[in-house]
1. How high is the relative contact order of region 1-219? Use alpha-carbon pairs under 8 Å, at least six apart in sequence, and give a whole percent.
2. Taking a spot 7 Å from the Cα of residue 267 along the direction of its beta carbon, which residues of region 378-402 have an amide N less than 11 Å from it?
3. For q = 0.11 Å⁻¹, what log10 I(q)/I(0) does the chain give under the Debye formula with an equal point scatterer on each alpha carbon and no solvent?
4. Find out how many positive minus negative residues lie around residue 51, taking Lys and Arg as positive, Asp and Glu as negative, among other residues whose Cβ is under 14 Å from that of residue 51.
5. With everything on Cα atoms, drop me the angle between helix 206-216 and the longest principal axis of the chain, reported from 0 to 90° to the nearest 10.
6. Rounded to the nearest 500, what is the chain's calculated 222 nm mean residue ellipticity when only DSSP H runs of at least 4 contribute -39500 (n - 2.57) each, over all residues?
7. Using r as the Cβ-Cβ distance of residue 323 and residue 210, and R0 as 35 Å, what FRET efficiency do you calculate, to the nearest 0.05?
8. Can you give me the angle between helix 439-458 and the longest principal axis of the chain, using Cα atoms only, in degrees from 0 to 90, rounded to the nearest 10?
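Laboratory data are not the source of any read-out in this text; all were calculated from the coordinates shown. All figures in this text were calculated on a predicted structure; none of them were measured in a lab. Here the Cβ is made from the backbone with ideal geometry for all residues, glycine too, and neighbour counts use every protein chain on show.
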Amino acid sequence: MSQGISQAELNPTLVRGLAFVAALGGLLFGYDTAVISGAVGAIDHNFILPRGLPETSAASLSGWAISCALLGCVIGAALAGPMSQKIGRRGGLMVSAVLFILSSAGSAYPEFGFLGIGGEGPEALTSFILYRILGGIGIGVASMLSPLYIAEIAPPKQRGQLVTYQQVAIVVGMTLVYFVNWFIASQGDDQWVLSTGWRFMLLSAALPAALFLGLLLLVPETPRWLVMKGRMDEARDVLARLTNEAEARVVLKEIDESLHERTGKLFAFGALVVFVGIMLSVFQQFIGINAVLYYAPLMFQNMGASTDSALLQTIIVGVANIVFTLVALVTVDRWGRKPLLILGGVVMAISMLSLGFLFNSHNVGTAALVAVVAYIAGFALSWGPVVWVLLAEIFPNPIKGKAMAIAVAMQWIANLFVSWSFKVLDGNSALNAMFNHGFSYWIYGVMSILAALFVWRFVPETKGHSLEAIQHLWMEKPQDHSSSEAASKASTANAL
């Protein structure tokens, strides 16, 4: 069997260009997720405090306004599968870009209302929340379709690196928006930021979204989706641009055969592949990454750091995230997916358990910062990028859209649960009396161990395999793990 587009016949400039455009969906993912951080004070000032609510109710409403986009992320991820099957991977990404633009403009000026819903002053909060949920839907769609698009146009030996562009873009988007928010805030005093500056922060997301939409008009649909829709001539043209006519015919035949081997029903290849995808998504969140990233300043303040020192330490964490995500660009296709996930799980487990011990012993300081940076490095090198790579490649072609949508939706649900539960656990006086704010980190350490064990037992190595070869791994009986491993090794040998 052919192993997809061969390295010798590849048009590397075009492939990397297409991957770069698709990865901009990840940049918007990171940008839109983090842009709200600069507007938290303004949201409270303009929409929450004027209501005169009791302290607990005000805090709850403020938290909902800030985090409501996560609900949209769940909806968007669930819709992305059927949407991408119907209008294509490129079409779905274009929809996400439009949603980003509408959300950024609407949340910046919610007084204009959302489909007739809204009002002036504090009453504009409802339309603000609806626009943030709309942006969350865009994030959910892009979070699934960006890596899927890249995986479907990438050659097997570079697929891991190219899909990792998505994670690099997410991290860059988060970092970029911190600088954008700082720049906008520096244009006036605190009162100006509360009255006007916050609008420019939220509106700024429309610029990269418009760029993304414009570039998507220039890229083709993926050949696998075109074959799925019976548009063979268009698929052949795209493959010929990526490689050459002779290679295109071979790959086209392989794709066509893979789409007709089983039906498109979700469990056509057994429940194991769907289970693996869901658990990879859930473990990626249950190891605590977003609790650490979202609440890093609070975590460092709990260690005894001043506000300024906590922000500086948070920047150090952000830099470590970028650096080790860039390292993953090299390692994901050299070391393989499975070894990286196991190594990352071990590093994160040691880091989180150490952090929990340091909190419990009241011995925080430099050692705690080292533990956090080591945890971030372990995640950025493994579970951050590699899970997206695996989700984009492990599902067989006939069920890819449905299965990936379910897995990514579960990832956002797990994200929402972890983000909520951290505040509950960290604010529990009984737990704090026993663990001194360290209980959550013990849990994340244990989850990291379980994640590594899960990968060791259930996840096959996919490095260097074509998407069609990976599909054949799941055609073995689920209980015959040794046969699947043997098939994986044989497929790797064929790819070399």
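1. On the way: 340 pairs, mean separation 84.9, N = 219.
It comes to 39 percent, rounded to a whole number.
2. Answer for this model: none.
3. So the normalised log intensities are -0.91.
4. On the way: positive: none; negative: 44, 55, 120, 123.
Here the charged neighbours net out to -4.
5. 10
6. Numbers: 24 runs with 369 residues, N = 496.
After summing the helix terms and dividing by the residues of the chain, the value is -24500 deg cm²/dmol.
7. Values: r = 30 Å, r/R0 = 0.85.
Calculated transfer efficiency: 0.75.
8. 0
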